[in-house]
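Working notes, beginning with the structure itself.
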Amino acid sequence: MRLLPFPPSTLGEAVVNGSLAYVVTTLGCLVGVAGVVIAVIAVRKSRSASGPKTKAAPGDPFRDRDADALRGDPRALKPGDIVEIRAVPYTVRGSVHLVEGGWSWAEHLLDDAGGVKRWLSVETDPDLEMVLWTSEPGATVTPGAPTLEIAGRRYNWDESGQARYTATEGTGLDPHGTMRYYDYQAPGGARLSFEAYGEAGWEVNLGEELRRAEVMIYPQGGPETVR
């Protein structure tokens with residue numbers, strides 16, 4: 001059987017239709033490839049952004065958070081707060097934060113209604129420890145000996161060292177510097193401390209360790225400001 005040739009018009013339409021089909025198929029492939037590339041890039045960016053998870057440092061399981069909620073957190077004391085110690089209210093005039101190696105603690109200058117100034121030290125070692133200090137400007141003892149006697153009580157050397165400090169306004173200290181110290185203890189929890197800030201001489205303080213139930217905190221002030 002003889003095959004009849006396509007008429008010219010029919011042949012042209014077939015060529016055009018075939019070209020369009022090729023173009024559409026090619027575009028479809030390109031779109032599919034682009035979609036795959038975009039998806040791969042998005043997955044890589046997501047993985048890069050998330051990165052490895054770091055675990056938060058575990059908190060102290062023995063910390064008395066109920067007491068923090070009911071009586072205030074001594075670790076968060078700042079200038080302007082009110083502290084009631086053994087039923088006597090004090091205002092925090094200024095704070096000193098000290099660091100020695102891996103240890104840190106704070107000392108807060110307190111002022112009562114009569115203008116009496118005392119210091120409250122707050123340390124976690126690892127349990128919370130608070131000591132109320134009274135200055136002894138007339139004391140003639142000097143630190144260094146294994147035992148010292150003052151005000152009829154004998155104190156034994158406990159520790160000594162040098163720390164870096166940062167002070168807020170109201171303490172009368174330079175904003176930054178170093179502090180040398182000697183700490184002594186007597187039976188029953190009585191404390192004796194010698195401190196020297198910068199090039200100043202020794203300041204002598206007698207301390208009483210406080211129980212948590214003896215301290216109530218009423219936050220009042222804003223954020224601490226360092227000079």
(message) Taking all protein chains in place and a 1.4 Å probe, what share, in percent, of the accessible surface of the range 83-227 do carbon and sulfur account for?
(response) 49
(request) Note down the magnitude of the dipole of the range 78-227 about its Cα centre, charges +1 on Lys and Arg C-beta and -1 on Asp and Glu C-beta and zero elsewhere, to the nearest 20 debye. (result) 200
(request) Convert each backbone phi in the range 74-83 into a coupling constant with the Karplus relation 6.51 cos²θ - 1.76 cosθ + 1.60 (shift: θ = phi - 60°), then list the ³J(HN,Hα) values in order as whole Hz, x for Gly and Pro. (result) x, 5, 9, 4, 8, x, x, 5, 9, 10
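Does the range 122-227 classify as rounded, prolate or oblate by the C-alpha gyration tensor (a ≥ b ≥ c root eigenvalues; a/c under 1.5 gives rounded; else a/b over b/c gives prolate, otherwise oblate)?
In terms of gyration-tensor shape, oblate.
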(message) Per residue of the range 143-152, what does 6.51 cos²θ - 1.76 cosθ + 1.60 with θ = phi - 60° give for ³J(HN,Hα)? Whole Hz please, x for Gly and Pro, Karplus curve as stated.
(response) x, x, 6, x, 9, 9, 10, 8, 6, x
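The values are calculated or read from the model by the stated rules, or taken from the named source; none is laboratory data. Note that the structure is predicted; figures quoted are calculated from it, not measured. Note that we place each Cβ from the backbone using ideal geometry, even for glycine, and neighbour counts take in every protein chain shown. SASA here: full protein model, heavy atoms, side chains in, ligands and nucleic acids out. Shrake-Rupley method; radii C 1.70, N 1.55, O 1.52, S 1.80 Å.
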